[in-house]
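For reference, the structure is listed below as structure tokens.
All of the numbers you see were taken from the coordinates with simple rules; none came from a lab. From a predicted model like this one, the values you see are computed outputs, not experimental measurements. Virtual Cβ from ideal backbone geometry, glycine too; neighbours counted across all protein chains shown.
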Amino acid sequence: RGGADTDTITTTKDVQEVMGLSRREWVALVGGGHSLGRMHRDRSGFADGSWTSTPAQLNTEWFENLLNLDWTEFGDSAKSTLEYSAVNAAGEKLYMLKTDLVIRFDVEYKAIAQEYAENPLTFYDDFVNAWGKVMTADMF
């Protein structure tokens, strides 16, 4: 589970490499996964809310939000978690985890996120390929 206050770019890249994923595959999977659904405090311990205003659609809004909104840190020191919130142009409160913001502040990850924000078809192709790789990987 991401979002711990101890998560760093190094630990994120370590997890990505252990999973056998390229940088592009990692960014596609995180962005695609977080473009869908929402967080539920009773299941994850994180704030109730979503990463995008369209949590039922796979799209590039997550990348646009990550790169363009002003994220404010908040968290639960008792649980050692860090979360971030921002308000979009429509006035909706959205959320990110520390592991999301790592993508914004790492030069290599950020370049990929920018490409996906600008080129949805590239993102969709990369997401489908990365998803297929993870779903068919022999992890044993």
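Based on the Cβ-Cβ distance from residue 9 to residue 134, what FRET efficiency comes out when R0 is 25 Å, to the nearest 0.05? Efficiency computed from Cβ-Cβ geometry: 0.75.
Spatially, the range 86-104 and the range 115-140 are offset by 22 Å when compared through their Cα centroids. Please check the chain for the longest run free of trypsin sites (Lys or Arg not before Pro) that are loop-located per DSSP (anything but H, G, I, E, B) and have at most 15 other Cβ atoms within 10 Å. Excluding the exposed sites themselves, the longest stretch runs over 2-78. The GluC sites (Glu not before Pro) of the range 92-139 that meet both conditions, a loop assignment by DSSP and at most 16 other Cβ atoms within 10 Å of the site Cβ, are 92. Just checking the listed ones, 21, 66, 97: in the Gaussian network model of the chain with Cα springs under 10 Å, the one fluctuating most is 21.
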